[in-house]
Amino acid sequence: MTDTTKKIKFEDLGLSERVLGAIYKKGFEEPSPVQALTIPVMLRDDTNIMAQAQTGTGKTAAFGLPLIELINTKEKNVQALILAPTRELAIQVSDEIHSLKGKSDLKVIPVYGGQSIDQQLRRLKKGVHIVVGTPGRVIDHLKRKTLNLKDIDHLVLDEADEMLNMGFIDEMEEIMKYTNENKRTLLFSATMPAKIKSLASKYMGKYEVLKVKKQTLATNLTEQIYYEVKVSDKFEALSRIIDIEEDFYGLVFCKTKNDVDNVATHLAERGYDTGAIHGDIAQNQREKILGQFKKKRINVLVATDVAARGIDVNNLTHVINYSIPHDPEAYVHRIGRTGRAGNQGTAITFITPREYKKLMFIQRVAKTDIKKSKVPNVKEIIATKKKMINEDLIAMNAGEVKDVYFDWAKKLLEFNNPTQILGNLLSYCFDEELDPNIYNEIQELSGKKEKGRDKGRAIDVDGKSRLFVALGRKDKMHAGKLVQFIIQNTGVKNKKIQQVEVYDKFSFITVPFKEAEIILNRFQRKAKNRKSLVVRAKAK
Ligand code: ADP
Ligand code: MG
């Protein structure tokens, strides 16, 4: 087994300046182990290679970069065929090579079933150097003689184990018959089961084995779960996950910069110590936020994949996929941030019912197990909060509490019932924190509403919420003035506020979920022991 050496640079691998430029532009800082192993061997001579490295370790660039160097763009013929198991992977490999080719004239196209064959034909005719294809569609083209593999120099079998798992052995063998004897064959795989070895010995003649040791930090220390939630419930689910954890320290991944901003803003409004990083945030600002995160001054960091790349933070308790990652590799990358250095971590992926198929694809390709679970319910969260309060109270040492408090306590207990007094005190301190009404309803996607605490709650009909406002006629409010007051304080549009009812000491309004969220956040208690001005209405 070849071990990998640390601190190898891309410059050490024999790549040209032009390709190096493209690599840095793409944002790769140093070669991954499989790249450090493979690139020099591929550039050295034309040996066949069988390379094994875990999913998400950069195998595409490991063969893609040398191919970019080796292909003669002055010629117009197909010089390399890359076989990939699925259309997603074919597209991904093609995109990755395209993004690494820099200013080269290299032409690479994906060819897969489901896409119009005529369109593929036109592109093939124009002259293509690298074809990345799924086995079935490649055979179609070979039979139609629209693809000629007689002159190829390189045949890459990417994700070879997956291709065999999917039963493509016959197709692979057939495709090989259309190629010439002198090409080199490069096999890349995450695992090396016996059937891969027999395939190699049958078709590859002599070959070199390049193997990257499996890193234990991968996914096995990470508990992986997913929740099915509506998009509009994701934020509530996130809040609950954070609240139920005694020491939450996690990364929250969102798809877009906008999502990152929204989630981080909402979190901050709800009182969490949070920060956001994405491509539009200046580098020095990003570093500052990252610094705070590393020091745990903030414990929830919201990020895009790109911004989070290369973040090296240990001991995360959680990685939350607020948006499902776009591919299995991104999933492995993201969740690889928990469970590091021997610490157990939890990765939670939010999916909408439509994303279920995608999750299963990720699970299959990443060869991992993601279990369905339920968003913590409010009862559980409150029980956890109480437990934490208890622990804090019990853990406080005599030295930390000033004498005046002991004297005070003694006096209070002299003439009062201790249970009553302690009860009062707990209620005085924690009423707000333990108020179930700070949580919003989450709709169970199985169709049933959440049981338990929500029984006593105003039922939200048609995506609307009824809100209770602690202002009434005695505060000189009337309907118009109340609406104005809400608009001025929250920016919510006039027409969204409906069914305004003003009573002596309080009022009610009805607004859509989104606006309710905005209003509730805006009027959340500012001082610890004050009631919020607006809360969800209780059921009548
Ligand atoms: P594999 O085929 O081994 O599963 P991929 O080639 O799909 O992995 O790479 C996974 C991800 O890692 C891709 O998003 C790719 O752009 C990225 N990547 C590859 N090499 C590097 C590198 N040297 N530095 C940073 N990111 C990299
Ligand atoms: Mg791959």
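The values are calculated or read from the model by the stated rules, or taken from the named source; none is laboratory data. Keep in mind that this is a model prediction, so the values were computed, not measured. When we count neighbours, we look across all protein chains shown, and the Cβ atoms used for this are built from the backbone with ideal geometry, even at glycine.
Among the numbered criteria (1) near ligand 1 (Cβ under 10 Å from one of its atoms); (2) assigned to a helix (DSSP H, G or I), which single criterion is violated by Pro31?
Of everything listed in (1) near ligand 1 (Cβ under 10 Å from one of its atoms); (2) assigned to a helix (DSSP H, G or I), Pro31 misses just condition (2).
Which of the numbered conditions does Ala53 fail, given that it passes all the others? Conditions: (1) surrounded by fewer than 23 Cβ atoms within 10 Å (Cβ to Cβ); (2) touching a residue at least 40 places away in the same chain (Cβ under 8 Å).
(1)
Can you tell me how many residues within region 16-56 are within 29 Å of the chain's Cα centre (by Cα) and of a type in the set (Asp, Glu)?
Total satisfying the criteria: 2.
Just checking, how many residues over region 394-438 are in contact with a strand residue (DSSP E or B) (Cβ under 9 Å, 6 or more places away or on another chain) and either closer than 30 Å to Pro353 by Cβ or of a type in the set (Val, Ile, Thr) (or both)?
Going residue by residue through region 394-438, those that are in contact with a strand residue (DSSP E or B) (Cβ under 9 Å, 6 or more places away or on another chain) are 435-438.
This time we only want the ones that are either closer than 30 Å to Pro353 by Cβ or of a type in the set (Val, Ile, Thr) (or both), so: 436-438.
Residues that pass the stated criteria total 3.
Here's the yes/no breakdown for (1) of a type in the set (A, V, I, L, M, F, W, C); (2) more than 15 Å from ligand 2 (Cβ to nearest atom); (3) under 30 Å from Lys145 (Cβ atoms):
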position	(1), (2), (3)
Ile23	yes, yes, no
Pro40	no, yes, no
Arg44	no, yes, no
Ala51	yes, no, no
Ala61	yes, no, no
Ile82	yes, no, yes
Gln92	no, no, yes
Asp95	no, no, yes
Leu100	yes, no, no
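Can you pull out the residues in region 507-518 that are at pLDDT 90 or above and hydrophobic (A, V, I, L, M, F, W, C)?
Phe508, Ile509
Just need a number here: residues in region 64-97 that are within 26 Å of the chain's Cα centre (by Cα) and surrounded by 16 or more Cβ atoms within 10 Å (Cβ to Cβ). Quick ask: steps written out before the conclusion?
Going residue by residue through region 64-97, those that are within 26 Å of the chain's Cα centre (by Cα) are 64, 84-97.
Now drop any that are not surrounded by 16 or more Cβ atoms within 10 Å (Cβ to Cβ), which leaves 64, 84-94, 96-97.
Residues flagged as within 26 Å of the chain's Cα centre (by Cα) and surrounded by 16 or more Cβ atoms within 10 Å (Cβ to Cβ) within region 64-97 amount to 14.
Quick check, is Asn220 modelled with pLDDT under 90, within 22 Å of Leu359 (Cα to Cα) and within 16 Å of ligand 2 (Cβ to nearest atom)?
Numbers: modelled with pLDDT under 90: yes; within 22 Å of Leu359 (Cα to Cα): yes; within 16 Å of ligand 2 (Cβ to nearest atom): no.
Considered against the rule, which asks whether it is modelled with pLDDT under 90, within 22 Å of Leu359 (Cα to Cα) and within 16 Å of ligand 2 (Cβ to nearest atom), Asn220 comes out as no.
Just one of Ala61, Ala80 is within 12 Å of ligand 1 (Cβ to nearest atom), in contact (Cβ under 8 Å) with a residue 12 or more places away in the chain and of a type in the set (A, V, I, L, M); which is it?
Working: Ala80 fails: within 12 Å of ligand 1 (Cβ to nearest atom).
Exactly one of Ala61, Ala80 is within 12 Å of ligand 1 (Cβ to nearest atom), in contact (Cβ under 8 Å) with a residue 12 or more places away in the chain and of a type in the set (A, V, I, L, M), namely Ala61.
Filter region 97-116 down to residues that are assigned to a loop (DSSP other than H, G, I, E, B) and free of Cβ contacts under 8 Å to residues at least 40 places away in the same chain and give me whichever is farthest from Gly58 (Cα to Cα).
The initial filter retains those residues of region 97-116 that are assigned to a loop (DSSP other than H, G, I, E, B), namely 101-107, 112-116.
When the remaining residues are screened for being free of Cβ contacts under 8 Å to residues at least 40 places away in the same chain, the result is 105-107, 112-116.
On the way: Asp105: 23, Leu106: 20, Lys107: 21, Tyr112: 22, Gly113: 25, Gly114: 27, Gln115: 26, Ser116: 30 Å.
The residue in question is Ser116.
Can you tell me which of (1) in a loop (DSSP other than H, G, I, E, B); (2) within 16 Å of ligand 1 (Cβ to nearest atom) is the one Ile49 doesn't meet?
(1)
Just need a number here: residues in region 114-143 that are farther than 16 Å from Leu81 by Cα and touching a helix residue (DSSP H, G or I) at 6+ places or on another chain (Cβ under 8 Å). Spell out how you get there, then give the answer.
Taking region 114-143 and keeping what is farther than 16 Å from Leu81 by Cα, we get 114-119, 122, 126.
When the remaining residues are screened for being touching a helix residue (DSSP H, G or I) at 6+ places or on another chain (Cβ under 8 Å), the result is 114-115, 117.
Residues meeting the conditions: 3.
For region 276-335, give me the residue count where each residue is assigned to a loop (DSSP other than H, G, I, E, B), within 16 Å of ligand 2 (Cβ to nearest atom) and touching a helix residue (DSSP H, G or I) at 6+ places or on another chain (Cβ under 7 Å).
Taking region 276-335 as the starting set, the residues that turn out to be assigned to a loop (DSSP other than H, G, I, E, B) are 278-282, 295-299, 304, 309-315, 317, 322-327.
If we keep only those that are within 16 Å of ligand 2 (Cβ to nearest atom) as well, we get 325-327.
This time we only want the ones that are touching a helix residue (DSSP H, G or I) at 6+ places or on another chain (Cβ under 7 Å), so: 325, 327.
Summing the residues that are assigned to a loop (DSSP other than H, G, I, E, B), within 16 Å of ligand 2 (Cβ to nearest atom) and touching a helix residue (DSSP H, G or I) at 6+ places or on another chain (Cβ under 7 Å) in region 276-335 gives 2.
Conditions tested, residue by residue: (1) touching a residue at least 12 places away in the same chain (Cβ under 8 Å); (2) loosely packed, with under 15 Cβ neighbours inside 10 Å; (3) among the basic types (Lys, Arg).
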| residue | (1), (2), (3) |
| --- | --- |
| Asn258 | no, yes, no |
| Asp261 | yes, no, no |
| Gln283 | no, yes, no |
| Glu287 | no, yes, no |
| Ile320 | yes, no, no |
| Ile324 | yes, no, no |
| Pro328 | yes, no, no |
| Lys357 | no, yes, yes |
| Lys367 | yes, no, yes |
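I'm trying to understand the selection: among the residues of region 369-382, which are loosely packed, with under 15 Cβ neighbours inside 10 Å, in contact with an Asp or Glu (Cβ under 9 Å, 6 or more places away or on another chain) and part of a helix (DSSP H, G or I)?
The answer is none; no residue qualifies.
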